[in-house]
Amino acid sequence: MAFWALGIVAVTSAFPAPPDDPRTVRAIAAVPAGGPIVIDGVLSEAVWQTPGHGQFTQRNPSDGQPATEPTTVWIAFDRDNLYVAARLSDAEPGKIVGRLGRRDEAVESDWFDVGFDPYHDRRSGYYFGVNPSGSIEDGALFNDEELNATWDGVWESAARIDDLGWAVEMRIPFDQLRFKRRDVQVWGVNFQRMIKRKNEEDHFAWVPKEQNGLVSRFADLTGLTGIASGQRLEVSPFALSRAMFSPAVPGDPFHTGHEAGASGGFDLKGGLSSNLTLDLSVNPDFGQVEVDPAIINISDEETYYQERRPFFIEGSSIFNFGRGGPNVYRMFGWEDPDLFYSRRIGRSPQGRPSTPGFFDTPDWTTILGAAKVTGKVGRDFNLGIISAATAREYADIDLGGARSTAEVEPFSHYGVARGLKEFGEGRSGLGFIATSVLRDLRPGALEDSISRNALALGVDGWTFLDKDRGWALAGWGGLTTVHGSPEAMTALQLSPLHYFQRPDADWVAVDENATSLSGWAGRLYVNKQKGNIVFNAAVGAMSPGFEANDLGYHNRGDIINGHVEAGYRELQPGRLFRSWSVTGSYYRNYDFGWNRVGEYVYLDGKGTLLNYWTAAIHLDWEPPKYSHYLTRGGPMAFYPAGETIRLMLEGDDRKPFVLDASVQYRYHPSGGYNYTFAAGLAWKPSPNFRLSIGPSYTWRYSEGQWVRSVVDPLKTSTYGVRYVLSDIHQTTLPIETRISWTFTPRLSLQAYLQPYLAVGDFSAFKELHAARTFDFDYYGSGDSTIVYADGIYTVDPDGAAGPAAPFTFANPDFNLKSLRGTVVLRWEYRPGSMLYFVWTQRREDYSDPGDFELWRDMGDIFRAPGENIFMIKFSYRFEIR
């Protein structure tokens, strides 16, 4: 992919560009179109016969040198549209690389891109790109140097290869952009050209590698007068038909093997003003979205899945919290909480029927409607608001022919408000985010298990510490409060995120009468924005009661973290490398009782060779520490030291075959270890077809896998509870395969297939000998006994003659064999109007738990009965002015 995914990484050069360098400080004037312009890639209109603007400068491979091939650009306009044309001369037109790809697909190709800063705030904007085959990309620019490719505008383009090279024309309606209403406009603009066979990257307004910034370095675009204000209303009704075929369950009236249905709704997008956009979705459907990958999770942390639904990802950058200012954010031993995690809206129902019988529970909660407002208010104030309502959901129950229902999700409202004020052309900023979840809970099981309402408030900001923006300071703080019944709040205090029941943690305690839980979190971060020297550092803390998971995501609390990273990097080509970097980093974590619960030392090196192959090495050492999580709510345990080495190699992406590979080995002196081998191969036999396959194999041995806990007052060394652990040999083998077959820039076929094997063999069952140790008492040794029969282990900790009561647990061995795949045929038959054909398949098998045998297990995947879902979705966009 081209444009502004440059990764503007700053290094200091011995010859920095002067502030008035004509290669960096440029301007261009738009001119009236003077008549109709046909978007066909032929620069025949009179306005394109004027001299135009050229003199592009390389950024790669020879930073600061003139471009090796001439490029000339023009900008014209009429009342409703902005027009862009480019003549991209090439001395060898036969070597122009033009790969077909679906919209926003990162295809290795020549590209021409233009970026606009309509607010002229030097912080934000839009980009539009075209390659020689007519493939397109577009997106939003924010935080000066970052992009969001999820924004999709409705615009036209055409490209054509000829004897002189190739040419581009674009028509961008003003109603697709947000800008201030003025008689005379001044915007920012820049152009980029990628010549793929040379890996050459040319800019109209050059940004030297030794300097930072992107939108702030755009040229001035003048001459725009009398243009439309940018208001419009787009309506896109849709219809969906869905059929599911799955194995029938004998006697289950809800799973007969087939199911069919149809639905409809509409999406609306309108300009509330020249600065604000409204998105409204009624009964939204996201059937064309790729399935989530399979995963086996034997930890106590929730699995995080990426948002894939278009309504929520388009324009989502406005809701980024705590990330403004610095161009690099590093987190060691720390994860910023997401105060807004949009997958909570429409989540799987949280309740389950408690009565016996067959039941049918909805896969997802119905979103009755969702509205989103984004844009700017006044001068440099960014605003984003989301309001969504989800339906009350019920499970259907059948018990011997008698039908009933059980509520599994209450009617809920989700709200998000985000504001950000920027000062001094982005030199500093101050913002806030507020989220709310309001649930209409009725008396019953749901009221006793989930919160009634949840509120979060965060404040963030940044400032550059010097005139040249060489240093940036950023920070954020957040407060959360959750309310619900005493039963729900008790369950929350006992959950893995909090573990208030820890017997040796005197700074937390379970309050069974509590009807609320509150907490706070914050982080302060400093970053060196440019220079050969790399430096960043941060301190952060999250209180034990911080809880944002009703509409956010985080997996740990009760933490105080600090890190520092320093290193050296060079991006100018040398004898061996085109660029390289070496960094070292260190972090340490404490809990709120000042126990050291995390510590690491890292050393990383990475270099891109002159032949465009990239190699990297990672080394780390983890000193011994204490862990709350080995016993999952019990006392602290000692956690032994560990070391890791990881090697990585990536090939030149210009080639028809592109290979990457990595290997990792981790070792604990206590005896635990794991290793991972991963590889990826991309094959591009033609300009419109790409096949990639990425297998990885991990083998892990650990001595401290949690199994269960058993209350026993006799076990005084661990506070009256036996914490049952085991050794585990775990094998994981996912194989991700993707096919992209693009017939035209608007008609494409994508396929995703993931066979996934995960096997866990539990053995050497034991219990933690004492708190704050990594010592164990093994069952079956001494007086203790362990007996296995019919899938159940029976343990007597001190034998038949002892006073301790025996207990049981099921065999925890597992063997998950899964196949998940999606095939999507996508046709944009007119701008903004889509037709989707989707086939999704899932297969799973659980035979032979604990025993990994590759070919048998792979065969079991394809022999397992499958669930097939077929969907057709049709949408039609029309515009109302």
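Data table
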read-out: Residue within region 682-702 that is under 24 Å from Ile792 (Cβ atoms) and among the aromatic types (Phe, Trp, Tyr) present; value: no
read-out: Subset of region 795-811 (residues that are open to solvent by less than 60 Å² (accessible area, probe 1.4 Å) and either over 19 Å from Gln705 (Cβ atoms) or part of a loop (DSSP other than H, G, I, E, B) (or both)); value: Asp796, Pro797, Asp798, Gly799, Gly802, Ala804, Asn811
read-out: Members of region 657-670 found to be free of Cβ contacts under 8 Å to residues at least 60 places away in the same chain and outside any strand (DSSP E or B), listed by number; value: His668, Pro669
read-out: Residue in region 66-84 that is more than 20 Å from Val189 (Cα to Cα) and either assigned to a strand (DSSP E or B) or open to solvent by 10 Å² or more (accessible area, probe 1.4 Å) (or both) present; value: yes
read-out: Sole residue being farther than 29 Å from Val526 by Cα, of a type in the set (Lys, Arg) and either touching a helix residue (DSSP H, G or I) at 6+ places or on another chain (Cβ under 7 Å) or part of a strand (DSSP E or B) (or both), chosen from Arg654, Arg646; value: Arg654
read-out: Extreme residue, farthest from Asn327 (Cα to Cα), among residues of region 201-229 that are surrounded by fewer than 20 Cβ atoms within 10 Å (Cβ to Cβ) and more than 28 Å from the chain's Cα centre (by Cα); value: Gly226
read-out: Filtered residue count, region 18-51, keeping only those that are under 19 Å from Phe116 (Cα atoms), of a type outside the set (D, E, K, R), open to solvent by 30 Å² or more (accessible area, probe 1.4 Å) and part of a loop (DSSP other than H, G, I, E, B); value: 1
read-out: Test: residue in region 830-843 that is of a type in the set (D, E, K, R) and assigned to a loop (DSSP other than H, G, I, E, B); value: no
read-out: Region 708-722 - residue that is among the aliphatic types (A, V, I, L, M) and either buried (at least 18 other Cβ atoms within 10 Å of the Cβ) or more than 41 Å from the chain's Cα centre (by Cα) (or both) and, of those, nearest to Thr773 (Cα to Cα); value: Val721
read-out: Selection within region 778-804 - polar (S, T, N, Q) and touching a Gly at 6+ places or on another chain (Cβ under 9 Å); value: Ser784, Thr785
read-out: Residue within region 549-561 that is buried (at least 20 other Cβ atoms within 10 Å of the Cβ), within 21 Å of Leu479 (Cβ to Cβ) and polar (S, T, N, Q) present; value: yes
read-out: Of all residues in region 766-794 being assigned to a strand (DSSP E or B) and hydroxyl-bearing (Ser, Thr, Tyr), the one that is most open to solvent (accessible area, probe 1.4 Å); value: Tyr788
read-out: Selected residue [under 20 Å from Pro247 (Cα atoms), surrounded by 15 or more Cβ atoms within 10 Å (Cβ to Cβ) and not aromatic (Phe, Trp, Tyr)] from Arg842, Arg877, Arg826, Arg863; value: Arg842
read-out: One residue from Gln664, Gln705 being more than 30 Å from Glu200 (Cα to Cα) and either at pLDDT 95 or above or surrounded by fewer than 17 Cβ atoms within 10 Å (Cβ to Cβ) (or both); value: Gln664
read-out: Selection count, region 247-284, where residues are under 28 Å from Glu314 (Cα atoms), touching a residue at least 60 places away in the same chain (Cβ under 8 Å) and either open to solvent by 60 Å² or more (accessible area, probe 1.4 Å) or assigned to a strand (DSSP E or B) (or both); value: 10
read-out: Subset of region 626-643 (residues that are assigned to a strand (DSSP E or B) and either open to solvent by less than 10 Å² (accessible area, probe 1.4 Å) or free of Cβ contacts under 8 Å to residues at least 12 places away in the same chain (or both)); value: Ala637, Gly642
read-out: All positions within region 625-646 that are basic (Lys, Arg) and over 13 Å from Arg596 (Cα atoms); value: Arg632, Arg646
read-out: Residue tally, condition more than 19 Å from Arg442 (Cα to Cα) and either within 24 Å of the chain's Cα centre (by Cα) or free of Cβ contacts under 8 Å to residues at least 60 places away in the same chain (or both), over region 370-396; value: 16
read-out: Residue selected from region 349-363 under the condition open to solvent by 50 Å² or more (accessible area, probe 1.4 Å) and touching a strand residue (DSSP E or B) at 6+ places or on another chain (Cβ under 9 Å), by the criterion farthest from Phe142 (Cα to Cα); value: Pro356
read-out: Among the residues listed as Val526, Val534, Val564, the single one being closer than 18 Å to Lys209 by Cβ and either buried (at least 16 other Cβ atoms within 10 Å of the Cβ) or among the β-branched types (Val, Ile, Thr) (or both); value: Val534
read-out: Verdict on Gly153 being open to solvent by less than 10 Å² (accessible area, probe 1.4 Å), modelled with pLDDT under 95 and farther than 19 Å from Glu200 by Cα; value: yes
read-out: Output for region 609-626, where each listed residue is under 26 Å from Trp706 (Cβ atoms) and either more than 28 Å from the chain's Cα centre (by Cα) or hydrophobic (A, V, I, L, M, F, W, C) (or both); value: Trp621, Pro623, Pro624, Lys625, Tyr626
read-out: Meets criteria (farther than 27 Å from Phe535 by Cα, part of a loop (DSSP other than H, G, I, E, B) and at pLDDT 85 or above) for Phe321; value: no
read-out: Number of positions in region 137-148 that are closer than 21 Å to Glu169 by Cα and open to solvent by 20 Å² or more (accessible area, probe 1.4 Å); value: 0
read-out: Any hit, region 495-507, residues being among the hydroxyl-bearing types (Ser, Thr, Tyr) and surrounded by fewer than 18 Cβ atoms within 10 Å (Cβ to Cβ); value: yes
read-out: Residue that is most open to solvent (accessible area, probe 1.4 Å) [pool: residues in region 302-348 that are out of contact with any strand residue (DSSP E or B) (no Cβ under 9 Å at 6 or more places or on another chain) and either without any contact (Cβ under 8 Å) to a residue 24 or more places away in the chain or among the small types (Gly, Ala, Ser) (or both)]; value: Gln306
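Here is a yes/no grid of residues against (1) under 30 Å from Leu576 (Cα atoms); (2) under 36 Å from the mean Cα position of the chain (by Cα); (3) not small (Gly, Ala, Ser):
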residue: Pro32; (1), (2), (3): no, no, yes
residue: Val42; (1), (2), (3): no, no, yes
residue: His53; (1), (2), (3): no, no, yes
residue: Thr68; (1), (2), (3): yes, no, yes
residue: Leu88; (1), (2), (3): no, yes, yes
residue: Ala91; (1), (2), (3): yes, no, no
residue: Ile96; (1), (2), (3): yes, yes, yes
residue: Arg103; (1), (2), (3): no, yes, yes
residue: Ala106; (1), (2), (3): yes, yes, no
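The values are calculated or read from the model by the stated rules, or taken from the named source; none is laboratory data. Computed from a predicted model, the values in this text were never measured in an experiment. Cβ atoms come from the backbone with ideal geometry, glycine included; neighbour counts cover every protein chain shown. SASA here: full protein model, heavy atoms, side chains in, ligands and nucleic acids out. Shrake-Rupley method; radii C 1.70, N 1.55, O 1.52, S 1.80 Å.
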